[in-house]
Structures are given as C-alpha cells and as structure tokens.
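Contents: one structure, followed by commentary.
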Amino acid sequence: MARILSIDYGQKRIGIAVTDEMQIIASGLTTIPSATAIPFLKDYFSKEKVEAVIIGEPKQMNGQPSESASIIKGFVTHFSNHFPDMKVIRMDERFTSKMAFQSMIDSGLNKKQRQNKALIDEISATIMLQDYLNQKRF
C-alpha cells in the first residue's frame with residue numbers, strides 16, 4: 001500500500017503530514033517554506049510511494065470559500081501541473097489550526113513552544129489527514 005500525504009498550505013509555510021504505508025495513522029512530517037513545495041515534493045515522491053495528496057480547502061463558517069481559497073486553488077493548479085498523475089483530494093480545513101493549538105496546550109507545551117507557527121501548520125496537516133482516514137474507514 002502507498003502513503004497518503006496531507007498539505008496545510010499557507011503563503012509563507014506549508015505543513016505536511018503523511019500516513020504510514022498501511023494508511024492507519026497520520027504523523028507530522030515537516031513544515032517547509034511555500035516557495036520550496038514543488039522541489040520538496042518531487043524529492044519526497046521519488047523516495048516514497050504516495051497514492052494521494054490531501055490539500056486543505058479553507059471555508060468560512062457558512063461553508064463558502066474563505067479569502068485564501070483562491071491562493072490555495074492556484075497552488076492546487078500548480079501542483080497538478082507538476083504531478084498530473086497524483087490524485088488530489090480537497091478537504092475542509094476549518095478549525096484545524098484551532099484544534100492544533102488546543103492539542104499543543106493539551107500536550108503540555110509552554111507558551112513559547114505554542115507560538116511556533118510552523119508546528120501549528122504541521123499539526124494542522126496531521127489533523128486533516130487523520131480526519132480523512134477516519135472518514136475513509138467509516
């Protein structure tokens with residue numbers, strides 16, 4: 001079985017999470033500068049078998065696309081141009097940053113550690129990916 005990768009895209013940083021090969025659990029992989037996304041993914045895909053990539057879809061509370069939706073849509077197009085055979089799954093990413101921050105509190109990280117936006121992005125990608133795995137099972 002191949003892995004599934006999740007991307008929490010932002011203009012400055014991208015949080016990345018990945019499943020194990022059995023697609024049972026999601027784990028944070030890294031956070032990278034947005035400008036390095038395609039080279040990083042080319043390298044990763046050359047080393048690991050990935051069957052699908054989940055990219056967050058930002059929505060407002062009423063379900064309408066948020067202001068950043070057009071920026072992320074541009075990234076999805078750019079991604080698909082570089083990886084035309086890769087399956088892309090869009091997933092609602094509402095509340096993932098808040099859930100990531102809360103998980104940091106729950107795990108006992110101090111205030112300075114919780115201000116690490118890169119860690120929040122990586123945890124957000126992990127939450128989104130685990131949600132996908134849970135939906136897929138049920």
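Values as computed for the structure displayed
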item: Residue match in the range 104-120 (condition: at pLDDT 95 or above, out of contact with any Phe, Trp or Tyr (no Cβ under 6 Å at 6 or more places or on another chain) and of a type in the set (D, E, K, R)); result: no
item: Tally of residues being at pLDDT 95 or above and of a type in the set (D, E, K, R) across the range 50-80; result: 1
item: Which numbered condition PHE83 misses (of (1) more than 19 Å from GLU21 (Cβ to Cβ); (2) modelled with pLDDT under 90); result: (2)
item: Test for SER97: is it part of a helix (DSSP H, G or I), at pLDDT below 70 and under 20 Å from VAL76 (Cβ atoms); result: yes
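The values are calculated or read from the model by the stated rules, or taken from the named source; none is laboratory data. Only a predicted model underlies this, so the values are computations on that prediction, with no experimental measurement involved. Please note: Cβ atoms are built from the backbone with ideal geometry, for glycine as well, and neighbour counts cover all protein chains shown.
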